[in-house]
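The values are calculated or read from the model by the stated rules, or taken from the named source; none is laboratory data. Remember, predicted model here, so these are calculated numbers, not experimental data. All Cβ positions, glycine included, derive from the backbone under ideal geometry; neighbour counts span all protein chains shown.
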């Protein structure tokens, strides 16, 4: 089951208290203080793992508590440190802390395998009385309690890491396309909202080239406001480098392809989310694709969409995901856009040099 959002509560361990103790040995009546320090409380960490693709593990278990530190003991024995816990999450997980008035503040973004972040720090152990001995106070009776560990309410939100995002109305043919160009096997059927969760696939091209494509569930008008779970679906596109916008040009949908194209473009423009570089969805490169040309019964539908898209200076391709017609050219175009974005991201920032 694909779960892309979860609310959890994490609690780090409290530190152990310091010990009040004095050395007592035969023939040493004033042995001095020997109370040990308390152990530190365990911490809570999140760690990204490439083998995970869902937050399902956090759907039923919501509370995670690290071990508390042991109390100090005599003979200057320090208490045992509490056991830390490490929670594994998929790569692409964004971590938010819920603060006052339900405000969500981002505290981490796990984008690399084995990336590890501290989300709740364990409390320090308190000092035993041995720590307070001075030249003027050789028998201190002072100790410290351990400090409390941090407790936080967290929201985990998974945003898929993909190079190419497929967008379009329900039944535009996105699932058929991703199943055709990759090894992904999404559910395919002739009714709207067949796809209810995003699917990822790896597209392999010649010369060892490859990129990751995401099939996002179909969008509808009002998606940016959450209609049809659109807000959550759109958030999966934030990390993509290029969007492939599929439009059904057959008459089977009963809709106008030009209108379909404009509606989805408007939803992308209205979505407020941004990626780590500050880029909005509407600013990402787009490739427009007329799909189902094998079922085209009115050539004017294709011609009007082509003219409309090309007036906006957007690359346009006509394909059939079912038969494979035109897919090679489309994949090469997507690769060029992905590679351009990768080069741009890897380039060092441009610093102007005063002459």
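Structure notes:
- Verdict on residue 278 being modelled with pLDDT under 95, in contact with a helix residue (DSSP H, G or I) (Cβ under 8 Å, 6 or more places away or on another chain) and outside any helix (DSSP H, G or I): no
- Failed item in (1) part of a loop (DSSP other than H, G, I, E, B); (2) at pLDDT 90 or above, with residue 52 passing the rest: (2)
- Take the conditions (1) part of a loop (DSSP other than H, G, I, E, B); (2) more than 30 Å from residue 77 (Cβ to Cβ); (3) modelled with pLDDT of 95 or more; residue 114 misses just one of them, which is (3).
- Considering residues of region 320-331 that are surrounded by 14 or more Cβ atoms within 10 Å (Cβ to Cβ) and in contact (Cβ under 8 Å) with a residue 60 or more places away in the chain only, the residue nearest to residue 206 (Cα to Cα): 331
- Scanning region 4-31 for residues that are without any contact (Cβ under 8 Å) to a residue 60 or more places away in the chain and either part of a loop (DSSP other than H, G, I, E, B) or at positive phi (or both) gives 23, 24, 26, 27, 29, 31.
- Verdict on residue 46 being touching a residue at least 40 places away in the same chain (Cβ under 8 Å), closer than 16 Å to residue 83 by Cα and either in the same structural domain as residue 98 (by TED's automatic domain parsing) or buried (at least 20 other Cβ atoms within 10 Å of the Cβ) (or both): yes
- Scanning region 296-315 for residues that are without any contact (Cβ under 8 Å) to a residue 24 or more places away in the chain and either in contact with a strand residue (DSSP E or B) (Cβ under 8 Å, 6 or more places away or on another chain) or under 14 Å from residue 258 (Cα atoms) (or both) yields 299, 300, 303, 306, 307, 310, 311, 312.
- Test for residue 261: is it at pLDDT below 95, in the same structural domain as residue 239 (by TED's automatic domain parsing) and surrounded by 15 or more Cβ atoms within 10 Å (Cβ to Cβ): yes
- Exactly one residue out of 250, 235 is at pLDDT 90 or above, out of contact with any strand residue (DSSP E or B) (no Cβ under 6 Å at 6 or more places or on another chain) and surrounded by fewer than 22 Cβ atoms within 10 Å (Cβ to Cβ), and it is 250.
- Taking the listed residues 330, 305, the one that is modelled with pLDDT of 95 or more, part of a helix (DSSP H, G or I) and out of contact with any helix residue (DSSP H, G or I) (no Cβ under 8 Å at 6 or more places or on another chain) is 330, with no other qualifying.
- In region 79-109, residue farthest from residue 53 (Cα to Cα) [restricted to those that are out of contact with any strand residue (DSSP E or B) (no Cβ under 8 Å at 6 or more places or on another chain) and surrounded by 13 or more Cβ atoms within 10 Å (Cβ to Cβ)]: 80
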